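Only the coordinates and a few stated rules stand behind these numbers; no lab work does. None of the values given here were measured: they were computed from a predicted structure. FYI the Cβ positions are ideal-geometry reconstructions off the backbone, even for glycines, and counts take in every protein chain you see.
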Amino acid sequence: MTEMLLKYFREQQKQAETERIYNTQCPYCSMQCKMQLVEQTHVKRKTYKTIGRDNPTSQGRLCIKGMNAHQHPLHKDRIQYPLLKVNGEFVKISWREALDYIKEHVTEIQEKNGADALGVYGSASITNEEAYLLGKFARVALKTKYIDYNGRLCMSAAASAASKTFGMDRGFTNSLQEIPFTECIMLAGTNIAECQPTIMPYFEKAKENGAFIIAIDPRETGTTKIADLHLKLKPGSDAALANGILKVIIEENYLDERFLQERVNGFEEVMQYVASLEFSVIEEKTGVPLEKMYQAARMFGQRETGMIFTARGVEQQTDGSAAVRNFLNILLSVGKIGKPRCGYGAITGQGNGQGAREHGQKADQLPGYRSIENHEHRMYIADVWNIEEKDLPRKGVSAYEMIEKIHDGEIKGLFLVCSNPTVSNPNANFVKKAFEKLEFLVVADLFESETAKLANLILPASSYLEDEGTMTNVEGRVTLREASFPRRGEIKHDWEILCEIAKVLGKEEYFSFSSAEEIFNELRIASKGGIADYSGITYERLRAEKGILWPCRSLTDKGTERLFETRFAHSDGKAMMVPVSNQAIVPKAKITKKYPLYLTTGRVVSHYLTGVQTRKSASLSARNFESFMEIHPSTAKKYEISNQELVQIESSYGRIVVRSKFSEGIRPDTVFVPFHWADSQNVNNLVSEKLDPACKMPGFKVSAVNISPSVKRSSY
Ligand code: SF4
């Protein structure tokens, strides 16, 4: 830092007359780093900065996003009043008018078309209390079966794979504290260096302690740099690569036979299937040389302890659930789970990607990870909610399928909370058309996102600085996010908004909450006895213990650091292995003459999701103010593309224009584009609508595209 800058900061420091500290948690990724907003009042103005706070997960660290997280909630563009669209323009109205508007339209649509003509689209960025309440709101206040959320596009494959294999889906089977002491780590389809930067020291420490790290990714990233072995596979071939590794493990007998016999079902079938596969076919399909598969299998098989982590690279495919299951097959075959320093982690993307998938926002789910189609589960929740079981709607459809129903005219109105689906969904051009068809769209958000712009009514929601509640982080650790920053204008918390709408709809008796803690106390009862049992967790305990790993079944239960030590969560206590084909049932994009390159997508460190919040941050925007296409220089040469040039990328679904960025680290048959930008830079305009049949995850990670310079070059 220069002398001049230091002098400036010292002066600022001197001038501060008062200082206030607000405790909270970062609103972005699943690390949920604890932080403090420091507000200093100077003679003429206030200044703000964000600093890290010690806690068991992030240990006081913050990444660049966290350090600048105060910039968006304090931004001048925050929505502060209900806004109604009149003649194409948003005008400020009162809450009374907004609630009357909602009542009128809900009543009219449902009287004409039935309860299911309304849908609810939730978010994995909201608190557990709000996710729980949103599920209840859909089923009790609106009586619709149509509710799903943006986590469907993020965590559904890992969740489905863990539920089917282990009988339970908690993202990490161990706490993060075990990572530095494990001896072999497989990082499959995850770029933690950019997506969850404060988790990196756990892996760096493991490396210092001698761990062998295997990274699986079509491109070199900050994460692959720490790896001892990088398997640079073709996009979409993860399931086949796992088969290759498994085949070596079986062939060279690194199996934990006792573990397989006592604790696992289905290994024989997997063994037979894998034996029928040819290495040469796997090598061709994955593009990974056989000797590298051998090296990975030997290191993982021979070391005493090991862990596997998956993320969206494996999961966001039309066989994402099966591909994750195949990595779990590897883990189970060598018996590296349920023991110290052995386990699995699905590295959640969104802030509350874990908690938001547990308590009823999903189309087929009731709180506590209960099933909406299970009679006993329905009876239990109906009792907690004080309704008749017969009045509880049945299961609905997944997020993208809900949008198809909007397009078909079956769903006519939608409540949308803290999400930007017209940018984040695949086949984004179609999604936007569907949203334009809605008769009634109400959006609760911080900003006029691309989707909010299409709304009839926008409601001003509170941010992570203002909205207290619990979040469940990447480990499955429930934490209390304190938040007491004063709200501007007429901003309300999401839970308050839901309670007020329920009240005007005549459902006040079910939604008479006056704090997030009261909602949490109902959630505790609703989750009791379920897979995700929070019943022993209280706000008081969370304050004192700095977070508790679920399940936590009583007030004296300390929570569960390591899962599956003696039994898995299936009724017979055993894990379930299944053979996984090299070929997805729903075919992935194929390379053709017309579309000769793979396109894969992901994140950059300075942005979060569709960038609605991070694009408002001057510091973060300055780092990446536009999208780009990473391309190997040899490929660029073939297509006559220069570095930093505008390039048109086209698939059979649409076209976008972004700037080229040369990288020697990407496969020559693949280009990479991040997904944080909208409109003509929205990479989801290029992505197919095909879904994984097991979990309805779209295949974001593999498209087939063509590229060309965007404009004919001319000299001036
Ligand atoms: Fe922590 Fe994630 Fe926020 Fe970075 S983005 S500060 S890693 S929670």
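Please get the size of the charge dipole for the chain, origin at its Cα centre, with Cβ charges of +1 on Lys and Arg and -1 on Asp and Glu, quoted in debye to the nearest 20.
1600
For the range 9-99, GluC sites (Glu not before Pro) meeting the loop criterion (DSSP other than H, G, I, E, B) and having at most 12 other Cβ atoms within 10 Å: Glu17. For the chain, the antiparallel share of DSSP beta bridges with both residues in that region comes to about 50%.
Please work out the Cα center distance from the range 521-580 to the range 53-87, rounded to the nearest Å. Between the Cα centres of the range 521-580 and the range 53-87 lies a distance of 30 Å. Near Leu366, the amide H atoms lying under 5 Å from its own belong to Ser371, Ile372; only residues 5 or more places off or on other chains count, and H is placed 1.01 Å from N.
Of Val384, Asn329, Pro668, which is farthest towards the positive pole of the chain's charge dipole, taken about the Cα centre with +1 and -1 on the beta-carbons of Lys, Arg and Asp, Glu respectively? Going by the Cα projections, it comes out as Pro668. Checked against a 18 Å cut-off, the cross-linked pairs Lys362/Lys433; Lys362/Lys405; Lys136/Lys546; Lys590/Lys701; Lys390/Lys412 give Cα-Cα distances beyond that limit for Lys362/Lys433; Lys136/Lys546; Lys390/Lys412. The label-point distance for Asn23 and Lys637, in a model that sets each label 7 Å from Cα toward Cβ, rounds to 5.9 nm.
The length gained on full extension between Ser652 and Ala16, counted as 0.36 nm times the residue separation minus their Cα-Cα distance, comes to 223.2 nm. Summing +1 for each Lys or Arg and -1 for each Asp or Glu among the other residues whose beta-carbon sits under 9 angstrom from that of Asn55 gives +2. Dipole check for the range 605-679: with +1 at the C-beta of Lys and Arg, -1 at the C-beta of Asp and Glu, and the Cα centre as origin, the magnitude is about 200 Debye. When each of the peptides 514-524, 455-465 is scored by how many other beta carbons lie within 10 Å of its residues on average, the order from highest to lowest is 455-465, 514-524.
Residue separation of Leu555 and Asp408 scaled by 0.36 nm, minus their Cα-Cα distance, works out to 48.0 nm of gained length. Multiplying each eigenvalue of the alpha-carbon gyration tensor of the range 487-568 by 5 and taking the square root yields semi-axes of 31, 16, 10 Å, largest first, rounded to whole angstroms. Taking all Cα pairs closer than 8 Å and separated by 6 or more residues, the relative contact order of the chain comes to 19 percent. Once you list every other residue whose beta carbon is under 9 Å from the beta carbon of Val324, what net charge do they have if Lys and Arg are +1 and Asp and Glu are -1? Summing Lys/Arg as +1 and Asp/Glu as -1 gives -1.
The range 155-206 and the range 582-615 have Cα centres separated by 22 Å. In a DSSP loop and with at most 15 other Cβ atoms within 10 Å, the GluC sites (Glu not before Pro) in the range 620-693 are Glu626, Glu640, Glu664. Extending 7 Å from Cα along the Cβ direction at Glu490 and again at Glu389 yields two label points whose distance is 4.4 nm. What whole number of Å gives the distance from the Cα centroid of the range 652-712 to the Cα centroid of the range 31-47? For the range 31-47 versus the range 652-712, the Cα centre distance is 38 Å. Close amide-amide hydrogen proximity is noted between Ser237 and no other residue 5 or more places distant or on a separate chain, at a cut-off under 5 Å (H modeled in the peptide plane; Pro and chain starts excluded). Using only side-chain charges placed at the Cβ, +1 for Lys and Arg and -1 for Asp and Glu, the dipole size of the range 463-568 relative to its Cα centre rounds to 360 debye. Within the range 327-433, the proportion of C-alpha pairs whose separation exceeds 18 Å stands at 66%. Positive end of the dipole of the chain (Cβ unit charges, origin at the Cα centre): among Val106, Gln648, His75, the Cα lying farthest that way belongs to Gln648.
For the range 383-435, the set of trypsin sites (Lys or Arg not before Pro) satisfying both a DSSP loop assignment and a count of at most 12 other C-beta atoms within 10 Å is given as Arg394.
Of the residues Cys195, Ala161, Asn174, the one whose Cα sits farthest toward the positive end of the charge dipole of the range 158-246, with +1 on the Cβ of Lys and Arg and -1 on the Cβ of Asp and Glu, is Ala161. Cβ-Cβ distance of Ile591 and Lys433, R₀ of 30 Å, FRET efficiency by 1/(1 + (r/R0)^6): the value works out to about 0.60. As a rough guide to protection, the peptides 351-364, 611-624 ranked by mean Cβ packing within 10 Å, highest first, stand as 351-364, 611-624. With the simple model of a label 7 Å out from the Cα in the direction of the Cβ, Ser571 to Leu229 spans 4.0 nm. Anisotropy class assigned to the chain is rounded, per the alpha carbon gyration tensor with a/c under the 1.5 cut-off.
Based on DSSP H segments of at least four residues, each scored -39500 (n - 2.57), the chain has a per-residue ellipticity at 222 nm of -8500 deg cm²/dmol. What is the sum of charges around Leu599, taking Lys and Arg as +1, Asp and Glu as -1, for the other residues whose C-beta is under 11 Å from the C-beta of Leu599? My count for the surroundings of Leu599 gives -2.
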